Every structure is written in structure tokens, then in C-alpha cells.
Amino acid sequence: MTIDQAIARADALRPNLLGDGEKARWVIELEDRLERELGREARSLRWPEDGGVTLAAQGGYEDVYVLWLCARIDLALREYDNWNNMASILNALIDDYKKQCLRDKAPAPKQARGVWRRRV
């Protein structure tokens, strides 16, 4: 998913009058946050130049950007009940994404051979 695709999908779900520049800033903010929390080097994305660059969350986790935008739009429009609901769904998806990234990065378990246990 790209920044432009995330904005288009969020606008389809939450029609609003907010500018695309503000929404792009929110997506870039989330991208930087995810990269930092996973211990990766954050890319310096700029919109509209990098509007077509593929974002980090892939493999079924692309919706994190759309949910983030929907939550931020709800917050900006003072739809606090919707924002609370979206925030809880979003936090669960972000946690799942981070866990999956850590599982993918973990080394394969080693097989213990020739290890003797002492019975007590």
C-alpha cells in the first residue's frame, strides 16, 4: 500500500473536507512510529513526491494505515465514540503487526543434541 492508496481508501470510508497533505502527514507519522518501534531505520518520506512509495506494513497488515487515517479523521471531526472504537481496533492490529515482524526476525531455534540432564 502507498500513501496515496491509503488516503483514497480512507476518504471512501470517511468522507471529509480535510486536506490530503494533512492525511499524508499522518500516514508518514505512523510509518515512522512503526519503524522506530521495530528498531528499524526510519525513511524520510515526503508527500507528494513519495506518494507512490510502498509502505512498510505488508502481508495483510496494510489496513493499519487506513484505520489510522479513519481514526485521525474521526478525532479531527470530534467523533469521539468512533475514534475510541477505531483506536481499539487499530491498537490490536498494530500489536499483531509488531509481533509478526518480531517472529519473522527471530532466529530459528537450535536443536539441542547430546545434552545430558542430571536427575536430581
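The values are calculated or read from the model by the stated rules, or taken from the named source; none is laboratory data. Keep in mind that what you see is a predicted model, and the values were worked out from it rather than measured. No Cβ is skipped: glycine too gets one built from the backbone with ideal geometry, and neighbour counts run over all protein chains shown.
For every residue, the table says whether it meets (1) small (Gly, Ala, Ser); (2) modelled with pLDDT of 80 or more; (3) assigned to a loop (DSSP other than H, G, I, E, B).
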{"residue": "GLY21", "(1), (2), (3)": "yes, yes, no"}
{"residue": "GLU41", "(1), (2), (3)": "no, no, yes"}
{"residue": "GLU49", "(1), (2), (3)": "no, no, yes"}
{"residue": "TYR61", "(1), (2), (3)": "no, yes, yes"}
{"residue": "VAL64", "(1), (2), (3)": "no, yes, no"}
{"residue": "CYS70", "(1), (2), (3)": "no, yes, no"}
{"residue": "ARG78", "(1), (2), (3)": "no, yes, yes"}
{"residue": "ALA108", "(1), (2), (3)": "yes, no, yes"}
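Considering only residues that are of a type outside the set (A, V, I, L, M, F, W, C) and surrounded by 15 or more Cβ atoms within 10 Å (Cβ to Cβ), which ones fall in region 1-15?
Scanning region 1-15 gives THR2, ASP4, GLN5, ARG9, ASP11, ARG14.
Picking from residues in region 80-106 that are in a helix (DSSP H, G or I) and small (Gly, Ala, Ser), the one that is surrounded by the most Cβ atoms within 10 Å (Cβ to Cβ) is ALA87. Taking only region 17-47 into account, find how many residues are in contact (Cβ under 8 Å) with a residue 40 or more places away in the chain and either buried (at least 17 other Cβ atoms within 10 Å of the Cβ) or under 11 Å from ILE3 (Cα atoms) (or both). Residues that pass the stated criteria total 7.
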